Each structure stands twice: as structure tokens, then as C-alpha cells.
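Encoded as C-alpha cells, the structure appears first; notes follow it.
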Amino acid sequence: MSAGKIVFTQDRIRRRTEEIAREIAGAIPGGDLHVIVTLKGALFFAVDLIRALGREATLGFITASSYGGGTESSGEVDLRTEDIGEVAGRHVLIVEDIIDTGRTLKIAVAAIQSLGPASVRTAALIDKPSRREVEIDAEFTGFRVDDIFLVGYGLDCDQEYRTLPDIRSLGP
Ligand code: PRP
């Protein structure tokens with residue numbers, strides 16, 4: 001399959017990211033902010049969001065993988081937290097590229113909550129509410145979409161297409 005038509009242009013992604021950054025600035029109190037990026041998909045969104053935030057923050061990383069290959073989730077999430085950073089007593093912002101079944105975010109939030117943060121909030125660029133299998137939502141959401149498989153701007157299909165600058169549907 002090839003990357004098909006553009007769903008979100010670079011410009012639209014940039015403008016929405018700046019809006020989310022303003023929402024976050026109004027909602028997360030001053031003080032220690034720790035941004036946790038869920039690799040690999042959220043890499044591009046996280047960098048642009050952190051820059052738009054324009055605020056001092058420490059960084060941590062978790063690696064979550066659930067798609068064994070192709071376009072269907074395996075249903076199991078492998079979460080690696082070695083580089084999660086200093087969480088205790090800090091305001092944490094988890095940055096996700098997409099919420100699909102919700103399993104990854106649910107497990108990530110639980111792992112972070114167990115480390116005693118001052119607060120935990122989540123920002124996701126894309127949300128697919130119709131795909132949800134567990135109860136979870138992000139406080140800050142970029143775009144809500146139907147059940148279409150998206151690639152680009154970090155989103156992959158079998159590790160391909162992540163470096164596309166815009167977000168596209170997968171298909172002819
Ligand atoms: C994707 C995406 C989210 C997760 C969302 O990650 O980046 O983390 O799936 O799906 P869910 O809501 O059903 O859990 P993936 O496991 O493909 O790893 P990647 O970030 O390395 O692409």
C-alpha cells in the first residue's frame with residue numbers, strides 16, 4: 001500500500017499544535033514540568049509541541065509498541081520505561097501521536113502514576129474515539145478522526161512513512 005491523500009497538511013498540524021500549546025500553558029501550573037514522549041510515533045509532534053510551549057521542561061521517554069505489523073493492533077502493549085526520567089513530585093505531560101484502542105495510553109498513565117507525580121496530563125495529536133476499547137481520553141487533543149489508517153508525521157505502517165511531513169491516509 002502507498003501513502004494516499006493528505007488528511008492534515010503541515011500547516012494545519014503546525015497551527016493546531018500552537019493552539020494546543022496555548023491550552024497547555026493555561027492549564028498546567030508553573031513549576032517543574034516533565035514531558036514524557038511516547039516513542040516512536042510521537043517524536044515529531046512532541047518536538048514541535050515542546051518548542052511551541054516555549055517553557056523550561058525536563059524530558060523523559062517511554063517506548064510503547066503494540067502493532068505487530070500491518071494495520072491491526074496486536075492488543076498487547078510492550079512498555080519500556082528505562083528513560084522515563086524523574087517523575088516524583090513533578091507535573092507530567094505525556095505526549096502521544098495517536099489514541100486508538102487506548103491501551104497504550106492507559107498503561108503509560110498507570111506506570112507514571114505509580115511513580116508519584118504531582119499531576120499527569122496527556123496530549124495526543126490524533127484521537128480515534130470510535131476505536132476505543134478501554135476508557136481513557138487525553139486532556140489535550142489535536143484532531144478527532146474516524147477509523148481511517150493514518151501515516152506520516154511520526155505515524156507508521158510497519159515502520160514506514162514516519163518521515164512524511166504531513167499526515168496521509170493509507171491506500172491508493
Ligand atoms: C501506536 C501509537 C500509539 C499507540 C496507539 O504506537 O504511536 O502509541 O499505537 O494505539 P492504542 O491506543 O491502540 O494503544 P505503536 O505501538 O505502533 O508504536 P510506535 O509509536 O513505535 O509506532
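Read-outs throughout are calculated quantities, based only on the coordinates presented, and are distinct from any laboratory measurement. Here the structure is a predicted model, which means the values were calculated and not measured. Neighbour counts run over all protein chains shown; Cβ positions are idealised from the backbone, glycine included.
Non-local amide H neighbours of THR122 (under 5 Å, H modeled in plane, Pro and chain starts lacking H): which ones?
ILE94, GLU139, PHE140
Using the basic label-point model (7 angstrom from Cα toward the beta carbon), what is the SER114 to ASP83 distance in nanometres?
That separation, rounded to one decimal, is 2.1 nm.
Given H placed 1.01 Å from N in the peptide plane, which residues other than close sequence neighbours of GLY4 have an amide H under 5 Å from its amide H?
Close amide H contacts, sequence-distant or interchain: SER169, LEU170, GLY171.
In 5 Å bins starting at zero, report the fraction of Cα pairs in segment 1-155 per bin as a rounded %.
All Cα pairs considered, the percentages come to 2, 9, 20, 24, 21, 14, 7, 2, 1, 0.
Find the relative contact order for the chain and round it to a whole percent, using C-alpha pairs within less than 8 Å whose residues are 6+ positions apart. The partial results should precede the final answer.
Values: 361 pairs, mean separation 47.8, N = 172.
Dividing the mean separation by the residue count of the chain yields 28 percent.
Limiting things to C-alpha atoms, what are the Rg and the maximum Cα-Cα separation (Dmax) for segment 1-54, in angstroms?
When restricted to Cα atoms, segment 1-54 yields Rg and Dmax of 13.5, 46 Å.
Please compute the volume of the convex hull spanned by the alpha-carbon atoms of segment 121-172 and report it per residue in Å³.
103
Can you tell me the mean projection area, over all orientations, of the convex hull of segment 65-172's alpha carbons? Units nm², please.
Details: hull surface 28.6 nm².
Answer in nm², one decimal: 7.2.
Would you list SER130, SER169, SER119 from fewest to most Cβ contacts within 10 Å?
Ascending number of Cβ neighbours within 10 Å: SER130, SER119, SER169.
Straight distance only, please: which aspartates and glutamates reach the Cα of LYS106 with their own Cα at less than 15 Å, same-chain residues fewer than 8 apart left out?
GLU76, ASP78, GLU96, ASP97, ASP127, GLU133, GLU135, ASP137, GLU139
Taking H as built 1.01 Å from N, whose amide H comes closer than 5 Å to the amide H of ASP127, not counting residues under 5 places away?
Close amide H contacts, sequence-distant or interchain: ILE99, PHE143, ARG144, VAL145.
Place +1 on the Cβ of every Lys and Arg and -1 on the Cβ of every Asp and Glu in the chain, take the dipole about the Cα centre, and give the residue among ILE62, ILE6, VAL37 whose Cα lies farthest towards its positive end.
So the residue we want is ILE6.
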